[in-house]
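Worksheet: one structure, shown below.
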Amino acid sequence: MPLAEVEIVHSRPIAPTRRVALGDLHLPMEPEPGFGRILLGAIVAAHIGGLDPDLHDDLAVLMAMVERGESVSQPRLRHRFQVDTVGLQRSVHRLHGRGEVLELELDEKGAPIQQVLGAVYAVATLAPEHRRPTMDVLRRGMRWSGDTGPRLLSHLAGRSALPGLPASVDPTAWALGVFDLHDEAATTDRQLVQQRFRELLRAAHPDHGGASDAAAQRIAELAEARRILLT
C-alpha cells in the first residue's frame, strides 16, 4: 500500500461543465511532517505553474477559507466542487516508500487547476488541528521551482528554503526587489502589492509572452515575495 494516496475526480476536457470531486483518500499526518501533507504539497507543486495568473488571488482566498474550516460557496475558480463522482475522470496520485527513499507517482490526467483544487479541498477532510500545517505545506509547494524529485520532497518536508534566497538576505528587501519597488513604505500598501503581483505574474506566464523555461522560477519568486510583504 502507498504511504499516501489521493484520488481527484474531475470533468473531462471536452465536458461542458467544470467539476471537481474527491475519491479515496489516504492522508496520514503522523509521523511528522506527514506523508499525506507531502503528497498534497507535491500535487500543488507539480501543477501550480499551469494555472491562469488571474486565478492566483482567488486560490489564496479559497485556501484561507478551507484552512479556517469555513463553508465554501460554489463554484470557485471556475469549477464546482461536488460529492457526486459519476461520469467523471479519475486522477490518482501516490507517495511510495522504496526502502528509505520516497518516490512520487503523479497522474497526468486532468487540467492543472483541477489537480490543485483537489489538493486544496482534500485539506478540508482533515481534522481541524491538521489543516493549518497542511495548508502551509501546500503554500510551500506553490513556491517550488524544479522537478518533482527528491529535492521537492525535502523542500515540502521543511528541510530546504526557496532556491536562490540565501539565509543572509533580508527577506523584505529581497521581496521589494522582486517587485521592483524601491520604497519600503510599499510593505504597508497591500493594494499596491497585490496589483504589482498580478501585473508581474501575468507578464511571467507563458500564455502572456513569458519565457516558458523560466516561468516556474519567476512565478515561485513572485508568490514568495507577495507572502513576505503581506504577512
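Each reported figure results from applying straightforward, stated rules to the coordinates on display, with no laboratory input. In this text the structure is predicted, and so the values were computed from the model without any measurement. Note: ideal-geometry Cβ built from the backbone for every residue, glycine included; neighbour counts use all protein chains shown.
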TODO: Could you list the GluC sites (Glu not before Pro) in the stretch 73-107 that lie in coil according to DSSP, counting only those with at most 10 other Cβ atoms within 10 Å of their Cβ?
DONE: Glu100
- [ ] Using only C-alpha atoms and all pairs of different ones, pull out the Kirkwood radius for the stretch 4-156 in Å with one decimal.
- [x] 15.4
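Given the DSSP H assignment, sum -39500 (n - 2.57) over each helix run of at least 4 residues in the chain and divide by its residue total; what's the result at 222 nm in deg cm²/dmol, nearest 500? Let's see the in-between values first.
Values: 8 runs with 102 residues, N = 231.
So the calculated ellipticity at 222 nm is -14000 deg cm²/dmol.
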TODO: Sort Val61, Val83, Val116, Val92 so the one with the fewest other Cβ atoms within 10 Å of its own Cβ comes first.
DONE: Val83, Val61, Val92, Val116
- [ ] Run the dipole for the chain about the Cα centre, Lys and Arg Cβ at +1, Asp and Glu Cβ at -1, nothing else charged, and hand back the magnitude in debye, nearest 20.
- [x] 440
- [ ] Give the angle, between 0 and 90 degrees and rounded to the nearest 10, that separates the Cα long axis of helix 112-123 from the longest principal axis of the Cα atoms of the chain.
- [x] 80
Task: Residues Arg218, Arg190, Arg143, sorted so that the one with the fewest Cβ neighbours within 10 Å comes first - done: Arg190, Arg218, Arg143
Open item on the list: Between helix 56-68 and the chain, what is the angle of the helix's C-alpha long axis to the longest principal axis, kept within 0 to 90° and rounded to the nearest 10?
Closed with: 60
Task: Where Rh is the Kirkwood radius over Cα pairs, Rg/Rh for the stretch 1-82 - done: 0.98
- [ ] Could you line up His130, His182, His47 from fewest to most neighbouring Cβ atoms inside 10 Å?
- [x] His182, His130, His47
Task: Label zone at Val101, where the point sits 7 Å out along the Cα-to-Cβ direction: the stretch 13-46 residues whose backbone N lies under 19 Å - done: 39
